[in-house]
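Notes for the one structure printed next.
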Amino acid sequence: MAAGLVGSQLFCPFRALGFVANHVPLTLQTQGTETLVTTAVGSAFHVYNCAKLNLLFVGLLKSGEITCLLSHGDLVITASGNQLTSWKRGKQVAVFEGHKSNIHFILSFGSHLISVDEESTVRVWLIQTTELYLEMEFNAENFYITCLMHPSTYLNKILLCSRQGQMQLWNIKTNKLIYTFSGWSESITAVEQAPAVDVVGVGLQSGKILLHNLKFDESCHEFPSGLGPSYCSGIQNRW
């Protein structure tokens, strides 16, 4: 670098947050003019203000470690073992009970909470009342659910992805299978809405990332596969 010149200050570190967070993906929520970030730390979660990264609230589970985390309005929802818990400002609000095995994925969908356990049982809850709205059971040997999402503009529909490489589009209001996608010969590890309507990003076990058009059941673009499955697990941060 030439004498007298200094590097750009545009992306200089501000504060380190990763020292007190584990592998569970963080979640963001907006309250008024504030943006909050929530991270998991074993059996506890921490809520920070994004402006200054001040620690605002801490929630602590009575037992077990947090395996899933999401934000819904002013609530934080955690999964630990086979139990779901909603929190507000670090204090427990409600408990969702009924899963028979450990929960490994949760999704906020309008006024509903969708949870998936290791036996590929899908439960849809009403968040405000904790009432069970719908239950769907899948044969894990044929369709082990690894991830799911709500495609943009697809009313009442969720896209389920499997270890077997297939995807299914379901209407949770009518509890009907709309379409089964041809899929791939390897496990789907991540799925996320692309900027374009009808298009989703699909991450495969090999590390390959595809842009897939749901309307025509065709892949329209493929990204290099040499980056591994850990890269695919974070595709939601790359749109």
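What the table shows:
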read-out: Shape of the range 119-169, Cα gyration tensor, a/c cut at 1.5; value: oblate
read-out: Rounded accessible area of Asp217 (nearest 10 Å², 1.4 Å probe); value: 30 Å²
read-out: Per-selection Rg to Rh, the chain - Cα, Kirkwood hydrodynamic radius; value: 1.00
read-out: 1.4 Å probe accessible area per residue over the range 92-154, in Å²; value: 47 Å²
read-out: Förster radius 30 Å - calculated FRET efficiency between Asn156 and Lys91 (Cβ-Cβ, nearest 0.05); value: 0.40
read-out: Spacing of the two label points (7 Å from each Cα toward its C-beta) at Leu26 and Lys62, in nm; value: 3.1 nm
read-out: Where labels lie 7 Å past Cα in the beta-carbon direction, separation of Asn139 and Lys176 in nm; value: 2.4 nm
read-out: Cross-link partners of Lys157 among lysines (Cα-Cα below 26 Å; sequence separation of 8 or more within a chain); value: Lys100, Lys173, Lys176, Lys208, Lys215
read-out: Accessible surface of the chain [probe 1.4 Å, protein heavy atoms]: carbon and sulfur percent; value: 52 percent
read-out: Mean shadow area of the range 72-134, taken as a quarter of the surface of its Cα convex hull (nm²); value: 3.8 nm²
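The values are calculated or read from the model by the stated rules, or taken from the named source; none is laboratory data. All values derive from a computational prediction rather than experimental measurement. Methodologically, a virtual Cβ is constructed for each residue, glycine included, from the backbone with ideal geometry; neighbour enumeration extends over all protein chains shown. Please note that ligands, DNA and RNA were not included when accessible areas were found on the heavy atoms of the full protein model with its side chains. Shrake-Rupley method; radii C 1.70, N 1.55, O 1.52, S 1.80 Å.
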